[in-house]
Amino acid sequence: MNLIAAVDQNWGIGLNNALLVRIPDDMKRFRQITTGNVVVMGRKTLESFPGGQPLKNRTNIVLTKDRGYQVKGALCVHSLEELSQELKKYRSEKIYIIGGESIYRQLLDWCDTALITKIEYEYQADAWFPDLDKMEQWQLAEVSEEQTYFDLEYCFHKYERKRI
(Lines give C-alpha, C1' and ligand atoms only; values in the text may rest on other atoms or scores of the structure.)
Protein backbone atom coordinates (compact mmCIF):
# COMPACT_ATOMS: atom_id res chain seq x y z
CA MET A 1 0.00 0.00 0.00
CA ASN A 2 0.97 3.62 -0.50
CA LEU A 3 0.77 6.88 1.43
CA ILE A 4 0.62 10.21 -0.36
CA ALA A 5 0.95 13.63 1.28
CA ALA A 6 2.34 17.13 1.01
CA VAL A 7 4.37 18.25 4.05
CA ASP A 8 6.18 21.37 5.14
CA GLN A 9 9.70 21.48 6.64
CA ASN A 10 8.35 20.17 9.96
CA TRP A 11 6.18 17.46 8.35
CA GLY A 12 3.10 19.62 8.94
CA ILE A 13 0.15 18.67 6.71
CA GLY A 14 -2.79 20.82 7.76
CA LEU A 15 -4.33 23.60 9.78
CA ASN A 16 -8.00 23.83 10.77
CA ASN A 17 -8.88 20.81 8.59
CA ALA A 18 -7.39 22.36 5.45
CA LEU A 19 -4.18 21.82 3.50
CA LEU A 20 -1.33 24.18 4.39
CA VAL A 21 -0.95 25.26 0.77
CA ARG A 22 -2.36 24.28 -2.62
CA ILE A 23 0.31 23.91 -5.28
CA PRO A 24 -1.29 23.29 -8.70
CA ASP A 25 1.40 20.87 -9.96
CA ASP A 26 1.23 18.91 -6.70
CA MET A 27 -2.57 18.70 -6.94
CA LYS A 28 -2.26 17.57 -10.58
CA ARG A 29 0.29 14.90 -9.58
CA PHE A 30 -2.03 13.70 -6.79
CA ARG A 31 -4.90 13.42 -9.28
CA GLN A 32 -2.77 11.55 -11.84
CA ILE A 33 -1.44 9.09 -9.26
CA THR A 34 -4.73 8.34 -7.47
CA THR A 35 -7.23 8.40 -10.37
CA GLY A 36 -8.52 4.91 -11.09
CA ASN A 37 -7.25 3.67 -7.73
CA VAL A 38 -8.48 3.31 -4.14
CA VAL A 39 -8.14 6.22 -1.72
CA VAL A 40 -8.48 5.72 2.03
CA MET A 41 -9.17 8.69 4.28
CA GLY A 42 -10.74 9.80 7.51
CA ARG A 43 -14.08 11.57 7.78
CA LYS A 44 -12.54 15.01 8.34
CA THR A 45 -10.38 14.65 5.22
CA LEU A 46 -13.47 13.81 3.15
CA GLU A 47 -15.33 16.76 4.65
CA SER A 48 -12.44 19.07 3.68
CA PHE A 49 -13.02 18.33 -0.04
CA PRO A 50 -15.19 20.71 -2.12
CA GLY A 51 -18.78 20.08 -1.07
CA GLY A 52 -17.60 17.26 1.20
CA GLN A 53 -17.88 14.99 -1.83
CA PRO A 54 -15.75 11.92 -2.61
CA LEU A 55 -13.01 12.21 -5.22
CA LYS A 56 -14.15 11.43 -8.75
CA ASN A 57 -12.91 8.37 -10.66
CA ARG A 58 -11.59 6.65 -7.53
CA THR A 59 -12.87 4.14 -5.02
CA ASN A 60 -13.27 6.26 -1.87
CA ILE A 61 -13.09 4.49 1.49
CA VAL A 62 -13.69 6.50 4.67
CA LEU A 63 -12.55 5.21 8.06
CA THR A 64 -14.75 6.72 10.77
CA LYS A 65 -15.86 5.69 14.25
CA ASP A 66 -19.28 7.25 13.56
CA ARG A 67 -21.42 4.23 12.62
CA GLY A 68 -24.19 6.51 11.36
CA TYR A 69 -21.92 8.39 8.94
CA GLN A 70 -22.70 7.82 5.29
CA VAL A 71 -21.85 9.70 2.14
CA LYS A 72 -22.98 9.00 -1.39
CA GLY A 73 -20.14 7.69 -3.55
CA ALA A 74 -17.97 6.49 -0.67
CA LEU A 75 -17.77 3.33 1.37
CA CYS A 76 -17.61 3.92 5.13
CA VAL A 77 -15.85 1.46 7.42
CA HIS A 78 -15.72 1.76 11.19
CA SER A 79 -12.67 -0.17 12.36
CA LEU A 80 -9.21 -1.17 11.20
CA GLU A 81 -10.44 -4.75 11.03
CA GLU A 82 -13.32 -3.78 8.74
CA LEU A 83 -10.94 -1.68 6.63
CA SER A 84 -8.49 -4.59 6.36
CA GLN A 85 -11.26 -6.89 5.11
CA GLU A 86 -12.41 -4.32 2.54
CA LEU A 87 -8.89 -3.65 1.25
CA LYS A 88 -8.34 -7.35 0.54
CA LYS A 89 -10.59 -6.82 -2.50
CA TYR A 90 -7.93 -4.61 -4.15
CA ARG A 91 -4.32 -4.95 -5.24
CA SER A 92 -2.07 -3.39 -2.63
CA GLU A 93 -0.23 -1.16 -5.13
CA LYS A 94 -3.58 0.41 -6.15
CA ILE A 95 -4.35 1.65 -2.60
CA TYR A 96 -3.38 5.16 -1.45
CA ILE A 97 -3.76 6.48 2.10
CA ILE A 98 -4.56 10.20 1.76
CA GLY A 99 -5.05 11.45 5.33
CA GLY A 100 -5.51 12.94 7.76
CA GLU A 101 -2.99 12.71 10.57
CA SER A 102 -4.65 9.93 12.59
CA ILE A 103 -5.28 7.83 9.46
CA TYR A 104 -1.64 8.19 8.36
CA ARG A 105 -0.45 7.15 11.83
CA GLN A 106 -2.82 4.18 12.08
CA LEU A 107 -1.99 2.85 8.60
CA LEU A 108 1.72 3.69 8.27
CA ASP A 109 2.75 0.15 9.18
CA TRP A 110 0.48 -1.26 6.46
CA CYS A 111 2.36 0.63 3.73
CA ASP A 112 5.53 0.03 1.69
CA THR A 113 5.74 3.32 -0.24
CA ALA A 114 5.25 6.96 0.73
CA LEU A 115 5.00 9.66 -1.93
CA ILE A 116 5.78 12.91 -0.14
CA THR A 117 5.82 16.41 -1.57
CA LYS A 118 8.25 18.29 0.67
CA ILE A 119 7.70 22.04 0.73
CA GLU A 120 10.67 24.16 1.83
CA TYR A 121 8.68 26.40 4.12
CA GLU A 122 7.49 26.30 7.71
CA TYR A 123 3.74 26.82 8.07
CA GLN A 124 1.60 27.05 11.17
CA ALA A 125 0.07 23.57 11.45
CA ASP A 126 -2.10 21.51 13.79
CA ALA A 127 -1.73 18.18 11.96
CA TRP A 128 1.48 16.36 11.07
CA PHE A 129 2.67 13.40 9.02
CA PRO A 130 5.09 11.02 10.77
CA ASP A 131 8.70 12.14 10.12
CA LEU A 132 9.97 9.34 7.87
CA ASP A 133 13.51 10.76 7.93
CA LYS A 134 13.71 9.78 11.61
CA MET A 135 12.26 6.28 11.20
CA GLU A 136 14.74 3.45 10.73
CA GLN A 137 12.30 1.32 8.77
CA TRP A 138 11.95 3.94 6.00
CA GLN A 139 14.53 5.06 3.46
CA LEU A 140 14.51 7.80 0.84
CA ALA A 141 14.50 6.11 -2.57
CA GLU A 142 14.04 9.01 -5.02
CA VAL A 143 13.95 12.81 -5.05
CA SER A 144 12.78 14.91 -7.98
CA GLU A 145 14.50 18.03 -9.19
CA GLU A 146 13.52 21.12 -7.26
CA GLN A 147 10.21 22.64 -8.35
CA THR A 148 8.94 26.14 -7.73
CA TYR A 149 5.52 27.72 -7.33
CA PHE A 150 5.96 31.49 -7.09
CA ASP A 151 8.51 31.77 -4.26
CA LEU A 152 7.87 28.27 -2.83
CA GLU A 153 10.38 25.52 -3.48
CA TYR A 154 9.41 21.87 -3.23
CA CYS A 155 10.47 18.38 -4.33
CA PHE A 156 8.69 15.09 -4.80
CA HIS A 157 10.18 12.41 -2.51
CA LYS A 158 9.61 8.68 -2.68
CA TYR A 159 10.25 6.71 0.50
CA GLU A 160 10.28 2.93 0.66
CA ARG A 161 10.01 0.62 3.61
CA LYS A 162 13.32 -1.13 4.18
CA ARG A 163 13.30 -4.85 3.46
CA ILE A 164 14.66 -6.64 6.50
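Before moving on, here are some points about what is shown:
- Take the Cα of Tyr121, go 7 Å toward its beta carbon, and the backbone nitrogen atoms of the stretch 23-37 under 17 Å from that spot belong to 23-28.
- Value of relative contact order over the stretch 1-88, rounded to a whole percent, pairs C-alpha under 8 Å and six or more apart: 19 percent
- Prolate/oblate/rounded label for the stretch 40-123 (Cα gyration tensor, a/c 1.5): oblate
- Computed over protein heavy atoms with a 1.4 Å probe, the carbon and sulfur contribution to the accessible area of the chain reaches 46%.
- Length-normalised contact order of the chain in % [C-alpha pairs under 8 Å, at least 6 apart]: 32 percent
- Once the chain from Met135 to Arg31 is taken as fully extended at 0.36 nm per residue, the excess over their C-alpha distance is 34.7 nm.
- Label point 7 Å beyond Cα of Tyr69 along Cβ direction - residues of the stretch 81-95 with amide nitrogen under 16 Å: 81-84
- Seen from all directions on average, the chain presents a Cα convex hull projection of 9.7 nm².
- For the stretch 77-164, taking Cα atoms only, Rg and Dmax work out to 15.0, 44 Å respectively.
- Counting lysine pairs in the chain whose alpha carbons fall under 18 angstrom apart, excluding pairs fewer than 8 residues apart on the same chain, gives 14.
- Here is how the number arises for the chain: DSSP H runs of 4 or more residues each give -39500 (n - 2.57), the sum is divided by the residue count, and the result at 222 nm is -5000 deg cm²/dmol.
- Of the peptides 4-16, 151-163, 131-143, 115-127, the order by per-residue mean of other Cβ atoms within 10 Å, starting with the highest, comes out as 4-16, 115-127, 151-163, 131-143.
- Centroid-to-centroid, using Cα positions, the stretch 69-102 and the stretch 42-56 are 14 Å apart.
- Potential lengthening between Ser102 and Gln147 on full extension [0.36 nm per residue; Cα-Cα distance subtracted]: 13.3 nm
- A 1.4 Å probe run over the stretch 10-117, with the rest of the protein chains in place, finds 54 Å² accessible per residue.
The values are calculated or read from the model by the stated rules, or taken from the named source; none is laboratory data. As the structure is a prediction and not an experimental result, all values here were calculated from the model. Please note: Cβ atoms are built from the backbone with ideal geometry, for glycine as well, and neighbour counts cover all protein chains shown. Quick note on the areas: whole protein, heavy atoms, side chains included, nothing else; ligands and nucleic acids left out. Shrake-Rupley method; radii C 1.70, N 1.55, O 1.52, S 1.80 Å.
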